[in-house]
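Below: one structure, written as structure tokens.
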Amino acid sequence: MLVASDIIIGLVDECDHLIGFLRVLTDFVYKAFIFDVIVKPTHRNQSLGKKFLDSVVHHPQLESVEYLGLYCLSEMIPLYER
């Protein structure tokens with residue numbers, strides 16, 4: 001999965017433990033899709049998901065991509081709409 005992903009972003013805590021992860025599949029021109037936005041339960045409700053999405057939206061390799069999509073469970077849509 002990781003080898004086939006175009007962009008991988010991880011978030012670590014002060015002890016260098018992985019506390020968040022997402023990956024992007026893209027052609028770097030027309031479309032980019034965000035998959036697997038995961039934040040460790042002990043670190044949720046700290047706006048880390050928003051920081052993750054901002055890191056994708058402002059990623060230098062994705063700035064010129066025309067369409068950015070997010071693949072997630074339907075019950076997660078209200079969270080990401082914010």
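Output the residue which, of all residues in segment 47-82 that are among the polar types (S, T, N, Q) and surrounded by 12 or more Cβ atoms within 10 Å (Cβ to Cβ), is farthest from the chain's Cα centre (by Cα).
From segment 47-82, those among the polar types (S, T, N, Q) are 47, 55, 61, 64, 74; that's our starting set.
Within this subset, residues satisfying the condition of being surrounded by 12 or more Cβ atoms within 10 Å (Cβ to Cβ) are 55, 61.
Working: 55: 7, 61: 14 Å.
Only one residue tops the list, namely 61.
Among the numbered criteria (1) free of Cβ contacts under 8 Å to residues at least 24 places away in the same chain; (2) part of a loop (DSSP other than H, G, I, E, B), which single criterion is violated by residue 64?
Status for residue 64: all satisfied but (1).
Search segment 17-30 for residues that are in contact (Cβ under 8 Å) with a residue 24 or more places away in the chain and over 20 Å from residue 51 (Cβ atoms) and pair each with any residue that is part of a loop (DSSP other than H, G, I, E, B) and of a type in the set (D, E, K, R) when their beta-carbon atoms are under 6 Å apart and the residues are at least 6 apart or on different chains.
Between residues of segment 17-30 that are in contact (Cβ under 8 Å) with a residue 24 or more places away in the chain and over 20 Å from residue 51 (Cβ atoms) and residues that are part of a loop (DSSP other than H, G, I, E, B) and of a type in the set (D, E, K, R), the close pairs are 30/66.
Name the pairs: first residue in segment 33-51 and closer than 15 Å to residue 76 by Cα, second residue part of a loop (DSSP other than H, G, I, E, B) and of a type in the set (Ser, Thr, Tyr), Cβ to Cβ under 6 Å, at least 6 apart or on different chains?
What qualifies is 35/71.
Is there any pair linking a residue in segment 68-82 that is within 17 Å of residue 48 (Cβ to Cβ) and assigned to a loop (DSSP other than H, G, I, E, B) to one that is among the hydrophobic types (A, V, I, L, M, F, W, C) and at pLDDT 80 or above, with Cβ under 7 Å and at least six apart or on different chains, and which?
These pairs meet every condition: 72/37.
Exactly one condition in (1) within 23 Å of residue 1 (Cβ to Cβ); (2) modelled with pLDDT under 90 is false for residue 78; which is it?
Only one criterion is unmet by residue 78, namely (1).
The values are calculated or read from the model by the stated rules, or taken from the named source; none is laboratory data. Because the structure is a prediction, the values reported are computed rather than measured. Virtual Cβ from ideal backbone geometry, glycine too; neighbours counted across all protein chains shown.
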